[in-house]
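Structure first, commentary second.
Bear in mind these aren't lab numbers, they're just calculated from the coordinates by the rules spelled out. Keep in mind that this is a model prediction, so the values were computed, not measured. For neighbour counting, all protein chains shown are included, and Cβ atoms are generated from backbone atoms with ideal geometry for every residue, glycine included.
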Amino acid sequence: MKNTNSTALIFGLFMVVFYFAAAFVIVFTSFFEQSFDPLVRYVLGAFFLLYGIFRAWRLIKQYSDEE
């Protein structure tokens, strides 16, 4: 694995973790409770979760095709 590929992999993993953490914080904590309506929080949390799953799937597919 080249150095640039390992950097891209680490960044991709970081972004997947970031989107999962953002979904968790938006839906399950009181941090955004007063800023957003509950429906908006759930929709936004679901969007972040689905996008995190998509990024993880794309990352797995990309790196499994290289081997």
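How large is the charge dipole for region 3-66, taken about the Cα centre, if only the Cβ atoms of Lys, Arg (+1) and Asp, Glu (-1) carry charge, to the nearest 20 debye? Walk me through the numbers before you get to the answer.
Details: 4 positive and 4 negative charges, 15 e Å.
Charge dipole, region 3-66, about its Cα centre: 80 debye, nearest 20.
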With -39,500 (n - 2.57) per DSSP H segment of 4 or more residues and division by the full residue count of the chain, the 222 nm estimate, nearest 500 deg cm²/dmol, is -29500 deg cm²/dmol
If the chain between Gln62 and Ala46 were fully extended at 0.36 nm per residue, the gain over the current Cα-Cα distance would be 3.4 nm
In degrees, nearest 10, the alpha-carbon axis of helix 3-28 is tilted away from the dominant principal axis of the alpha carbons of the chain by 20
Computed curve, the chain, Cα-only Debye sum without solvent term, log₁₀ I(q)/I(0) at 0.28 Å⁻¹, is -1.12
Tilt, helix 38-66 to longest principal axis of the chain (alpha-carbon atoms), in degrees rounded to tens, equals 10
